[in-house]
1. Give me the one-decimal nm value for the distance between modelled label points at Thr128 and Asp94, 7 Å along each residue's Cα-to-Cβ direction.
2. Return the FRET efficiency for the residue pair Ala140, Ala75: r is the Cβ-Cβ distance, R0 is 41 Å, and the value is rounded to the nearest 0.05.
3. When the convex hull of the Cα atoms of the stretch 69-201 is projected onto a plane and the area is averaged over all directions, what value comes out in nm²?
4. Which order do you get for Met102, Met154 if you rank them by accessible area with a 1.4 Å probe, largest at the top?
5. Charges on Cβ only, +1 for Lys and Arg, -1 for Asp and Glu, centred on the Cα centroid of the chain; of Gly214, Thr54, Gly77, which one is farthest towards the dipole's positive end?
6. Kindly report, to the nearest 10 Å², the accessible surface of Arg61 as traced by a 1.4 Å probe over protein heavy atoms only.
7. Given Ala43, Gln122, Leu29, which one lies farthest toward the positive end of the charge dipole of the chain, if we put +1 on the Cβ of every Lys and Arg and -1 on the Cβ of every Asp and Glu?
8. How big is the dipole moment of the stretch 94-187 about its Cα centre under a simple scheme where the beta carbon of each Lys and Arg is +1, that of each Asp and Glu is -1, and everything else is neutral? Debye, nearest 20, please.
Amino acid sequence: MTSRPYVLLSCAMSIDGYIDDATAERLLLSNDADLDRIDAVRAGCDAIMVGAATVRRDDPRLLVRSERRRAERVARGLPPCPVKVTVTASGDLDATARFFTMGDGAKLVYCPSGVADKTREQVGAVATVVDAGDPVTPEAVLADLAARGVGRLMVEGGGTVHCQFLTAGVADELHLVVAPFFVGDRRAPRFVGDGRFPWHPGRRARVVEVRQIGDVVLTRYALTDRCDG
């Protein structure tokens with residue numbers, strides 16, 4: 001897929017690899033300085049994606065927070081915030097979630113053919129629902145996004161979506177932030193699950209940056225030759 005969007009994965013995790021804990025409250029892994037960095041990365045993308053489980057659990061807004069960055073996007077002829085994208089296997093989404101209600105930009109929901117009608121009933125009034133076949137694959141989503149003019153996609157999780165993009169080999173860059181504590185609870189979600197990944201002891205990912213940001217550490221990995229660092 002040479003014409004697919006550039007795909008940047010972004011994740012924050014604990015020292016032991018968890019992206020949340022097992023409680024109902026959201027676990028804060030980043031700090032203010034790193035959240036501002038993430039906001040700048042968002043502002044440089046055409047679309048932001050999270051999985052439906054993240055929409056349900058975290059209720060994210062997925063907006064560019066900085067007024068200056070929104071204004072700079074508008075000055076370049078872009079909408080204030082990137083297109084919001086989610087993928088659902090079940091169609092179980094709440095139209096009152098902040099993903100749908102906050103921001104005036106486009107919202108795209110990709111789903112399997114078998115739940116397309118259900119998904120349209122749930123959120124068709126507040127988003128564009130795309131029947132992406134069965135099963136929905138990262139390749140199919142990227143092909144549709146490319147046809148819609150998306151050149152740069154930021155994937156913010158959760159673990160299932162990250163694992164799908166990584167095992168499919170369609171991620172170009174990974175931003176991995178490590179928070180200085182442990183979760184230590186195997187009931188909690190991890191960064192990725194089991195899978196056959198293109199990067200292994202015989203094919204290492206290339207590190208292009210390591211940076212301390214307050215009390216967290218960012219490592220940027222180049223996963224394809226499209227990432228120039």
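1. Taking the simple label geometry, Thr128 and Asp94 are separated by 2.7 nm.
2. Details: r = 34 Å, r/R0 = 0.82.
Here the calculated transfer efficiency is 0.75.
3. Working: hull surface 42.7 nm².
Convex hull of Cα atoms, orientation-averaged projection: 10.7 nm².
4. On the way: Met102 60, Met154 0 Å².
Reading off the accessible areas and sorting them downward yields Met102, Met154.
5. Value: Gly77.
6. Per-residue accessible area (Arg61): approximately 80 Å².
7. Working it through, the farthest residue towards the positive pole turns out to be Ala43.
8. 200 debye
The values are calculated or read from the model by the stated rules, or taken from the named source; none is laboratory data. Keep in mind that this is a model prediction, so the values were computed, not measured. Positions of Cβ are generated from backbone atoms using ideal geometry, with glycine treated the same way; all protein chains shown enter the neighbour counts. Surface areas here come from the heavy atoms of the whole protein model, side chains and all, with no ligands, DNA or RNA. Shrake-Rupley method; radii C 1.70, N 1.55, O 1.52, S 1.80 Å.
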